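Worksheet for the structure shown next.
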Amino acid sequence: MHSEVNKVLRNIIELIISSIKGSEYKIDKEVSLGYLLSLSMQRFVMLIRGGVIFKTFNLVFIGSNVTIKEKSKIRFQKGLTIQKDCYIDALSRLGLRLGKNVSFARGCAIECTGSLNHIGRGLSVGNNVGFSTNCFLGCAGGIEIGDDTIIGNYVTLHSENHNYDDLKVAIRLQGVTRKGIKVGKNCWIGAKATILDGVTIEDGCIIAAGALVQKGTYEANCIYGGIPAKKIGSRF
């Protein structure tokens, strides 16, 4: 009888997750029911918090100690998750545009504007995109990320560069250039990769852990790694 109750509860949790994600979701049998119930309660609290913060029933989950500035600039679809200790400043021309099932893990930071005299462009993210712990997104020049892309731990994106040509003027006073960053669909950005302004990563690319990706176009379905990043393989 006890095992039957466990099975029913597990099935209910799987159905709820599948409904949120829009596709079938199966939980590993080694995950204990106690763990699942604890996680479910945590997610329920996050759901209540998300509804209060955004004044919506659109399935948004917000963790504890999350800072969100300029909420009116954020547009999202169902399934948005922002885990604890994240920082989001959405002040920008386009704000944040987030698709379905976008998730930001613990400690992620999003800064859309570096200076109030020239506000930034913003961030656009497709469906089913996940950012792992402690990612940083500097969106002043605009960042676009396509569907189904996964972002590893401590990945940083910087869509703005400081000018520095005039030796007689402090670098901080020479202004900036902004070309923006585009990451395609179904990409995998490895842990601690750094992506700089002016980069276009085409669909299906893999960026190796620790890579430094400088301005330029990175061919679809290829693998890049190193400092600076160079082509080291193909997926086909």
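Report, ordered by the first and then the second residue, all pairs with beta carbons closer than 9 Å, sequence separation of six or more or different chains, a first member in the range 87-99 that is assigned by TED's automatic domain parsing to the domain that holds ALA140, and a second member that is hydroxyl-bearing (Ser, Thr, Tyr) and in a strand (DSSP E or B).
Here the result reads TYR87/THR67; ILE88/THR67; ASP89/THR67; LEU94/SER124; LEU96/SER124; ARG97/SER124; LEU98/SER124; GLY99/SER124, each pair linking the range 87-99 to a residue that is hydroxyl-bearing (Ser, Thr, Tyr) and in a strand (DSSP E or B).
Would the range 160-178 turn up any residue that is in the same structural domain as TYR224 (by TED's automatic domain parsing), touching a residue at least 40 places away in the same chain (Cβ under 8 Å) and within 15 Å of the chain's Cα centre (by Cα)?
Scanning the range 160-178, I find no residue that is in the same structural domain as TYR224 (by TED's automatic domain parsing), touching a residue at least 40 places away in the same chain (Cβ under 8 Å) and within 15 Å of the chain's Cα centre (by Cα), so the answer is no.
Return yes when GLY184 is crowded, with 17+ Cβ neighbours inside 10 Å, of a type in the set (Gly, Ala, Ser) and free of Cβ contacts under 8 Å to residues at least 60 places away in the same chain and no when it is not.
So GLY184 fits the description; yes.
Here are THR149, THR200: which of them is under 24 Å from GLY99 (Cβ atoms), polar (S, T, N, Q) and touching a Ser or Thr at 6+ places or on another chain (Cβ under 8 Å)?
Residue meeting the stated conditions: THR200.
So which residues in the range 154-167 are outside any strand (DSSP E or B) and of a type outside the set (S, T, N, Q)?
Within the range 154-167, TYR154, VAL155, GLU160, TYR164, ASP165, ASP166, LEU167 qualify.
Quick test for you: out of PHE76, PHE136, pick the one residue that is more than 19 Å from LYS192 (Cα to Cα), in the same structural domain as GLY190 (by TED's automatic domain parsing) and of a type in the set (Phe, Trp, Tyr).
On the way: PHE136 fails: more than 19 Å from LYS192 (Cα to Cα).
Result of the check over PHE76, PHE136: PHE76.
The values are calculated or read from the model by the stated rules, or taken from the named source; none is laboratory data. This one's a predicted model, so the numbers in the text were calculated from it and none came from an experiment. Neighbour counts run over all protein chains shown; Cβ positions are idealised from the backbone, glycine included.
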